[in-house]
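Inspection log for the structure reproduced underneath, given as C-alpha cells.
The numbers here are math on the coordinates, done by the rules we state, and not lab data. Only a predicted model underlies this, so the values are computations on that prediction, with no experimental measurement involved. Reconstructed Cβ throughout: ideal geometry from the backbone, glycine too, with neighbour counts over all protein chains shown.
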C-alpha cells in the first residue's frame, strides 16, 4: 500500500467526538467518533477504535475502525483486518484485508464517472 505523503491536518483521539461537517486539506486521523459529513480531496484514516457515521467524500479512505453511512472515494478504499464498513461505497479501487468487513452495495466506478453519480 502506498504511504500517505500528506501532512497531518487533524487528529481526533479516543474519547473525543465531533457532530457536524468536517473539512480538511491533507490527512485526517480519526480515533474518536465523528457523526456528520467529512469532505476532502485527500486521505481520511479511521484508526482502530475510530467511528465515522454519515457521509464521507474523500480522495482516499483507510479504515481500521468502523464507518457507517455513504462513502464516495476518488482513488481507493482500504479496509484493514480490524476495519468494518457498513455503507454504500462508490470507489474505483477497493482493497479488503483478511478479517476486514464490508456490508453494503459497492459501486466500482472510474474516477471520471464519480462526478456524474446522482446523490
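Things worth noting here:
- In this simple spin-label model, placing a label point 7 Å from the Cα along the Cα-to-Cβ direction at both residue 106 and residue 75 gives a separation of 1.9 nm.
- If you wrap the Cα atoms of the chain in a convex hull and average its projected area over all directions, you get 6.6 nm².
- For the range 37-98, the alpha carbon positions stretch 25, 21, 19 Å along the principal axes, listed from largest to smallest.
- Once C-alpha pairs closer than 8 Å and six or more residues apart are averaged by separation and normalised to the residue number of the chain, the relative contact order reads 15 percent.
- Euclidean distance of C-alpha centroids, the range 71-86 and the range 2-67, integer Å: 11
- Take the Cβ atoms of residue 39 and residue 98, set R0 to 22 Å, and the FRET efficiency comes out at 0.10.
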